[in-house]
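The values are calculated or read from the model by the stated rules, or taken from the named source; none is laboratory data. Remember, it's a predicted structure, so these values are computed and weren't measured experimentally. Cβ: placed from backbone, ideal geometry, glycine included. Neighbour counts: every protein chain shown.
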Amino acid sequence: MLSIQNIQASIDDNPILKGINLEVKPGEIHAIMGPNGSGKSTLSKIITGHPDYQVTGGDVLLEGESLLELDPYERALKGLFLAFQYPIEIPGVHNAGFLRMAYNAKRKYQGLEEVDPMEFEDIVKKKLKLVEMDEEFLERSVNHGFSGGEKKRNEILQMLVLDPKVAFLDETDSGLDIDALRIVSKAVNAFRKPTNAVVLVTHYQRLLNYIVPDFVHVVVDGRIVKSGDKNLAFELEEKGYDWLVDTVRG
Amino acid sequence: MSQDILQEFTEQEYKYGFTTDIESDVLSKGLNEDVIRSISSFKNEPEFMLEFRLKAFRHWQTLQEPVWPNVSYPPIDFQDIHYYAAPKTKKQLNSMDEVDPELVKTFEKLGIPLSEQKKLANVAVDAIFDSVSVATTYKKKLLEAGVVFCPLSEAVHEYPDLVKKYLGSVVPHTDNFYAALNAAVFSDGSFVYVPKNTISPMELSTYFRINTEESGQFERTLIVCEENSYVSYLEGCTAPKFDTNQLHAAVVELVALDGAEIKYSTVQNWFAGDPKTGKGGIYNFVTKRGKCLGKKSKISWTQIETGSAITWKYPSCILIGDESIGEFYSVALTNHFQQADTGTKMIHIGKNTRSTIVSKGISAGQSHNTYRGLVQMNKSATGANNFTQCDSMLIGDQCSANTFPYIDVRNASSSLGHEATTVKISQDQLFYFQQRGIEMEDAMATIINGFCKDVFKELPTEFAVEATKLLGLKLENSVG
């Protein structure tokens, strides 16, 4: 479904990704791990089209269609979602209103009729239960005054409402306590179906106890240096990243 | 690349830039007593009006142009302006269908349908084209309720006593340089009189359209609300795109007696000058003031300023009556090369008077946006209270915002609250919207609406939607 072909990318002329290859098929969960500075967060930003980064080589295809020429909003409408590592605050913009705007943008793109606030309320309330968030979160400004855990859960809420084909979760577990981690994982597992895929970018193995990946890839210095199944994550937990970093840098 | 995206979206196409092809009487340029007499004679004014003008003109001649605002512009040659222009086909109108079709078409294009069939249902409109009013809808219906709504040029004939009593009582010609100039050469504007215990059955509005190049627009509006009455009034304005600057020096006076309330809203969209060169555009130098004469009277100013090359105005309230209330809600947007020095003055004189100021400044492009406010509480204004909220939003990194709040309190029992914030629309916020499938234009509009909503909610419902759209348009990359 998602085909990442030898992607190379830089920021301000500094190369970060030096050739990433990855195939994500429907129904799969992939985990991307790696030491700080390896480029793992950059990958999700590149694919979703963040303007700070320049793609210097390679291609990304979603269901056979190249994404690189498309604007970020088009890539989103085609089914890409990114749960941000640091979700930004947007004071003055109503959380439910924002979410309804995004939902209707997708409906319109699919040739469906837009929903009014009442209809949307029914839709979003069901998803709220899955992230165990109170209705009052809908009335606040987007992420404004939210705790770290609340921001991450708001990201997952958006994912559930927008129902993307491929969801990138960028270090969603960072800053979460055990309870929040459990809630988020439950929601992601409920989101899973044979027609979508999830790419988890994470530093620690802990999240993967709750969301069990089909594949684990380790990124070092902008390249995937090793891939395996969920056991690879345990190995990393035990041995750290050094043994892999050494093999790369010789 | 991120800078490009913001740049793309602060580019705008001013869609009101067309001119109307209509024959007009245009007084030749220049300013002297003969010009004043001509203006007065074209309008067939009674003697007292000519005297009013001449007195103001002679005073103006003794004054120097003020230079203290935080705006810069080349010196204005007051002799190089046409002080009167009127469409030739104007005549005494009994029905909307007698209005020149070119004019009807013009106003319709501007979103102000005037014909009997299409006119706005709940809003009475006085349409002013260059120096004259060309149509006023619902005049009769309003008169049935006792509400007078007509061009000032008509009021000087029909209601001379009211005009004599109130014109110049809030903004005397001695007030400032531009007030003196306006009092000498004012063209037309609206006169509203609401008798006691009357709530105006409709919204009233005046729409100003400049058409003649190198002419000045000097409108004059007077609104008087007697005891316990209420009126909501909206002013809209646009002008064609010309290469030369045009002066718009208006004066608006509001008078509210005991228990009366006047709500005055402005959606200003004068031509702002060429987006690339800054050439042309209107100089919007305006004196607007409301006198809360009566006990428990209330005057609210709500303004959305999006156009003009230069905006220089401080809609103010003089709170004379005890327990009177003054409010100022403003969104001032500057883009490209625009400059704004705007704000308000709340002068507390009566006891337990209250004022509220909410000012939102948005700067983009290479513009300069200044808020200047005065909250003055005289010795007599015991128990007075003011709350001021002054927020600036910067878009891109070449614009500027300044705030000059002046607070002058002369008694020990008043209270004030002041809050100020500065925000920048960040690339990350815009990307967040886009990653959720929302296009850049909609993202900008939503963020800005969120920033302005405290002001938008003060606008009469009919116009709140328009204002939201207008703000979006001003920051949009669209073609006419």
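Rundown of residues vs (1) surrounded by 15 or more Cβ atoms within 10 Å (Cβ to Cβ); (2) in contact (Cβ under 8 Å) with a residue 12 or more places away in the chain; (3) among the polar types (S, T, N, Q), yes/no style:
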{"position": "B:Cys399", "(1), (2), (3)": "yes, yes, no"}
{"position": "B:Pro405", "(1), (2), (3)": "yes, yes, no"}
{"position": "B:Asn411", "(1), (2), (3)": "yes, yes, yes"}
{"position": "B:Gly417", "(1), (2), (3)": "no, yes, no"}
{"position": "B:Ala420", "(1), (2), (3)": "no, yes, no"}
{"position": "B:Lys424", "(1), (2), (3)": "no, yes, no"}
{"position": "B:Gln427", "(1), (2), (3)": "yes, yes, yes"}
{"position": "B:Phe433", "(1), (2), (3)": "yes, yes, no"}
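Okay, residues lined up against (1) over 26 Å from the mean Cα position of the chain (by Cα); (2) within 14 Å of chain A (Cβ to nearest Cβ); (3) at pLDDT below 85:
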position: B:Gln3; (1), (2), (3): yes, yes, yes
position: B:Leu6; (1), (2), (3): yes, yes, yes
position: B:Thr20; (1), (2), (3): no, no, yes
position: B:Leu31; (1), (2), (3): no, no, no
position: B:Asp34; (1), (2), (3): yes, no, no
position: B:Ile39; (1), (2), (3): no, no, no
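For segment B:446-468, which positions are under 16 Å from the mean Cα position of the chain (by Cα) and among the aromatic types (Phe, Trp, Tyr)?
Residues satisfying the conditions are B:Phe456, B:Phe463.
When you scan segment B:414-474 for helices (runs of 4 or more DSSP H) that lie fully inside it, which ones turn up with 2 or more residues that are under 21 Å from B:Thr356 (Cα atoms)?
Counting at least 2 such residues, we get B:440-456, B:461-474.
Is there a residue in segment A:131-141 that is among the basic types (Lys, Arg), more than 10 Å from every other protein chain (Cβ to nearest Cβ), closer than 21 Å to A:Arg182 by Cα and more than 22 Å from the chain's Cα centre (by Cα)? Quick ask: steps written out before the conclusion?
Initial filter on segment A:131-141 (among the basic types (Lys, Arg)): A:140.
With the extra rule that they be more than 10 Å from every other protein chain (Cβ to nearest Cβ), the set shrinks to A:140.
With closer than 21 Å to A:Arg182 by Cα added as a condition, the list becomes none.
No, that holds for no residue.
Could you tell me which numbered condition A:Lys106 fails, if it satisfies all but one of (1) within 14 Å of chain B (Cβ to nearest Cβ); (2) part of a loop (DSSP other than H, G, I, E, B); (3) of a type outside the set (A, V, I, L, M); (4) closer than 23 Å to A:Pro194 by Cα?
Answer for A:Lys106: the failing condition is (2).
Any residue in segment A:66-94 that's within 7 Å of chain B (Cβ to nearest Cβ): show its pairings with residues that are basic (Lys, Arg) and not in a loop (DSSP other than H, G, I, E, B) at Cβ separation under 8 Å, as long as the two are six or more apart or on different chains.
Partner pairs satisfying both residue conditions: A:Leu77/A:Lys106; A:Leu82/A:Lys45; A:Gly92/B:Lys453.
Inside segment B:291-343, counting only strands (runs of 3 or more DSSP E) that do not spill past its ends, which hold 1 or more residues that are over 17 Å from B:Ile362 (Cβ atoms) and charged (D, E, K, R)? Reasoning before the result, please.
Numbers: elements: B:298-305, B:310-313, B:316-319, B:325-334.
Where strands (runs of 3 or more DSSP E) fall fully within segment B:291-343 and carry at least 1 residues being over 17 Å from B:Ile362 (Cβ atoms) and charged (D, E, K, R), they are B:298-305, B:325-334.
Residue-by-condition table, conditions (1) crowded, with 18+ Cβ neighbours inside 10 Å; (2) in a strand (DSSP E or B):
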| site | (1), (2) |
| --- | --- |
| A:Ile7 | yes, yes |
| A:Lys18 | no, yes |
| A:Pro26 | no, no |
| A:His30 | yes, yes |
| A:Ser38 | yes, no |
| A:Ser41 | yes, no |
| A:Ser44 | yes, no |
| A:Gln54 | no, yes |
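Read through the list (1) in contact with a helix residue (DSSP H, G or I) (Cβ under 7 Å, 6 or more places away or on another chain); (2) of a type in the set (A, V, I, L, M); (3) in contact (Cβ under 8 Å) with a residue 24 or more places away in the chain, then give the number of the only condition that B:Leu394 fails.
Condition not satisfied by B:Leu394: (1).
Looking at (1) modelled with pLDDT of 90 or more; (2) in a helix (DSSP H, G or I), which is the only condition A:Glu114 fails?
Condition not satisfied by A:Glu114: (2).
Evaluate the following for B:Glu51: is it more than 27 Å from B:Asp100 (Cα to Cα) and part of a loop (DSSP other than H, G, I, E, B)?
Considered against the rule, which asks whether it is more than 27 Å from B:Asp100 (Cα to Cα) and part of a loop (DSSP other than H, G, I, E, B), B:Glu51 comes out as no.
Regarding B:Gln92, is this residue at pLDDT below 85, of a type outside the set (D, E, K, R) and in a loop (DSSP other than H, G, I, E, B)? Reasoning before the result, please.
Details: at pLDDT below 85: yes; of a type outside the set (D, E, K, R): yes; in a loop (DSSP other than H, G, I, E, B): yes.
Here the answer is yes, as B:Gln92 does meet what is asked.
Could you say whether any residue in segment A:217-230 is touching a helix residue (DSSP H, G or I) at 6+ places or on another chain (Cβ under 9 Å), touching a residue at least 12 places away in the same chain (Cβ under 8 Å), under 21 Å from A:Met1 (Cβ atoms) and surrounded by 19 or more Cβ atoms within 10 Å (Cβ to Cβ)?
Within segment A:217-230, one or more residues are touching a helix residue (DSSP H, G or I) at 6+ places or on another chain (Cβ under 9 Å), touching a residue at least 12 places away in the same chain (Cβ under 8 Å), under 21 Å from A:Met1 (Cβ atoms) and surrounded by 19 or more Cβ atoms within 10 Å (Cβ to Cβ).
Taking only segment B:203-221 into account, find how many residues are part of a strand (DSSP E or B) and under 13 Å from the mean Cα position of the chain (by Cα).
8
Considering only segment B:229-252, state which residues are assigned to a strand (DSSP E or B) and at pLDDT 80 or above. Explain how you work it out, then say what you get.
Step one: of segment B:229-252, the residues assigned to a strand (DSSP E or B) are B:230-238, B:245-248, B:251-252.
Answer for segment B:229-252, where residues must be assigned to a strand (DSSP E or B) and at pLDDT 80 or above: B:Tyr230, B:Val231, B:Ser232, B:Tyr233, B:Leu234, B:Glu235, B:Gly236, B:Gln246, B:Leu247, B:His248, B:Val251, B:Val252.
When segment B:361-372 is examined, which residues are found to be part of a strand (DSSP E or B) and buried (at least 24 other Cβ atoms within 10 Å of the Cβ)?
Result: B:Gly361, B:Ile362, B:Ser363, B:Asn369, B:Thr370, B:Tyr371.
Of the residues that make up segment A:149-158, is at least one facing chain B (nearest Cβ under 10 Å), within 17 Å of the chain's Cα centre (by Cα) and of a type outside the set (Asp, Glu)?
Within segment A:149-158, one or more residues are facing chain B (nearest Cβ under 10 Å), within 17 Å of the chain's Cα centre (by Cα) and of a type outside the set (Asp, Glu).
Can you tell me which residue among A:Phe168, A:Phe120 is surrounded by 19 or more Cβ atoms within 10 Å (Cβ to Cβ), within 12 Å of chain B (Cβ to nearest Cβ) and among the hydrophobic types (A, V, I, L, M, F, W, C)?
A:Phe168
Looking at B:Pro195, B:Pro172 in this structure, which one is in contact with a Gly (Cβ under 9 Å, 6 or more places away or on another chain) and surrounded by fewer than 19 Cβ atoms within 10 Å (Cβ to Cβ)? Write out each step before concluding.
Values: B:Pro172 fails: in contact with a Gly (Cβ under 9 Å, 6 or more places away or on another chain).
None of the other options fit; the residue is B:Pro195.
Give segment B:234-282 a look and list any residue that's in contact with a Pro (Cβ under 9 Å, 6 or more places away or on another chain) and aromatic (Phe, Trp, Tyr), or say none.
B:Tyr264, B:Phe271
Which condition number does B:Asp161 fail, the rest of (1) of a type in the set (D, E, K, R); (2) without any contact (Cβ under 8 Å) to a residue 40 or more places away in the chain; (3) under 19 Å from B:Ile36 (Cβ atoms) being met?
The failed condition is (3).
Yes/no per residue for (1) crowded, with 24+ Cβ neighbours inside 10 Å; (2) over 22 Å from B:Ile282 (Cα atoms):
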residue: B:Ser308; (1), (2): yes, no
residue: B:Lys313; (1), (2): yes, no
residue: B:Gly321; (1), (2): yes, yes
residue: B:Ser324; (1), (2): yes, yes
residue: B:Val331; (1), (2): yes, no
residue: B:Asn335; (1), (2): yes, no
residue: B:Gln338; (1), (2): yes, no
residue: B:Asp341; (1), (2): no, no
residue: B:Arg354; (1), (2): no, yes
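If you check B:Gly280 against the conditions, is it touching a residue at least 40 places away in the same chain (Cβ under 8 Å) and on the phi > 0 side of the Ramachandran plot?
So B:Gly280 fails the test.
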